[in-house]
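Notes for the one structure printed next.
The values are calculated or read from the model by the stated rules, or taken from the named source; none is laboratory data. As the structure is a computational prediction, the values presented were derived from the model and not from experiment. Neighbour counts run over all protein chains shown; Cβ positions are idealised from the backbone, glycine included. Heavy atoms of the whole protein, side chains included, go into the accessibility calculation; ligands, DNA and RNA do not. Shrake-Rupley method; radii C 1.70, N 1.55, O 1.52, S 1.80 Å.
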Amino acid sequence: MRIARFSIDGNVAFGAVEGEGPDGLVLDIIKGIPYAEFELSGTKVPLSKVRLLPPVLPNKVVAIGRNYAEHAAELGNEVPDVPVAFFKPTTSVIGSGDAIEYPSFSNELHHEAELAVVIGRMCREVPRERVKDVIFGYTCANDVTARDAQKREKQWARAKGFDTSCPLGPWVETDLDPSDLTIQATVNGEQRQLGRTSDMVRSIEDLVVHITEAMTLLPGDVILTGTPAGVGPLHVGDEVAVTIEGIGTLTNKVIKRG
């Protein structure tokens, strides 16, 4: 099931996305919240009549760096012995169709297409065999990065945590095998990144076990699983799209921070 979060007439709701094609998609409004048992209301609205919002409002976004060997190599890095984890704040999260604001402290903004894992229940110290039980679903992400600041500052808080640096969407797909999916990024229609989730150095199970050894994850929290090779520059006016097989396309335009 595809679960979207949206706004219509000033009201925010969750809905199940039904249909196919850009003109045939409708939202069946959900009674309650999707992390618990819920019912479909039967009240349906065309997707074209709503504004898509970030599909979740995470308490935290835990991101993983250098989880694709070719991406690590293209930036002159080795694959680390243990996963490199960092945080992106909630203020970095935007939805599909929202604008990425080019930060004033950077002259080298990069796209990073990623598969995002959405957590469905409170969990800590999750054993490998229970990882699937704590996952709500999957969505597309763009770990937008101020590459020059990342290099200059030697840590990634500003480079990867600035406002609008974490587009998520367009919705969460709850019925998906994430082990071998095509993941790609285009800029103004030109392909920049193309990889497969099977190329991850560490699997989703590895990452959930590693992260929950240290911290409790809450419903709606998000794990970014790393990006394949091909990261590159974004400029004001560019439209960047992240497409993941079985999920859909996350699209954002880059604007000057006003």
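For 215, 122, the ranking by accessible surface with the largest value first comes to 122, 215, using a 1.4 Å probe.
Using the Karplus relation 6.51 cos²θ - 1.76 cosθ + 1.60 with θ = phi - 60°, the per-residue 3J(HN,Hα) values for the range 243-258 come to 10, 10, 3, x, 10, x, 10, 9, 10, 9, 9, 8, 10, 6, 5, x Hz, with x marking Gly and Pro. Taking a Cβ cut-off of under 15 Å around residue 215, the surrounding Lys, Arg, Asp and Glu residues balance to a net charge of +1, with basic ones at +1 and acidic ones at -1. With a 1.4 Å probe and every protein chain kept in, tell me what percent of the accessible surface of the chain is carbon plus sulfur. Taking all protein chains in place, the chain shows 49 percent carbon and sulfur surface. Computed over the alpha carbons of the range 201-256, Rg followed by Dmax gives 15.3, 42 Å. Computed over the chain, the quotient of the alpha carbon radius of gyration and 2.2 N^0.38 Å is 0.96. For the range 230-237, backbone phi angles converted through the Karplus equation (6.51, -1.76, 1.60; θ = phi - 60°) give residue-by-residue couplings of x, 4, x, x, 10, 10, 4, x Hz, Gly and Pro being listed as x.
In percent, rounded to a whole number, the relative contact order of the chain is 25, using alpha-carbon pairs under 8 Å and six or more apart.
Measuring with a 1.4 angstrom probe and ignoring ligands and nucleic acids, residue 121 comes out at about 120 Å² accessible.
Heavy-atom accessible surface of residue 125, to the nearest 10 Å², is about 120 Å², with a 1.4 Å probe and all protein chains retained. Quick one: work out Rg over Rh on the C-alpha atoms of the range 154-258, Rh as Kirkwood radius. Across the range 154-258, the Cα-based Rg/Rh ratio is 0.96. Ordered by 1.4 Å accessible area with all protein chains kept, 106, 198 run largest first as 198, 106. Each part gets one Cα centre, and for the range 217-238 versus the range 5-71 those centres are 18 Å apart. Per residue, the accessible area of the chain comes to 45 Å², computed with a 1.4 Å probe over protein heavy atoms only. Computed from Cα atoms alone, the Kirkwood hydrodynamic radius reported for the range 67-134 is 15.9 Å. Karplus-based coupling profile of the range 171-179, in residue order and whole Hz: 7, 9, 9, 8, 10, 7, 8, x, 6, with θ = phi - 60° in 6.51 cos²θ - 1.76 cosθ + 1.60 and x standing for Gly or Pro. Here the contact order of the range 14-166, divided by its residue count and restricted to Cα pairs under 8 Å and six or more residues apart, works out to 19 percent. Defining a contact as two alpha carbons under 8 Å apart and six or more residues distant in sequence, what relative contact order in percent does the range 1-61 show? Taking the mean separation of contacting Cα pairs over the length of the range 1-61, I get 33 percent.
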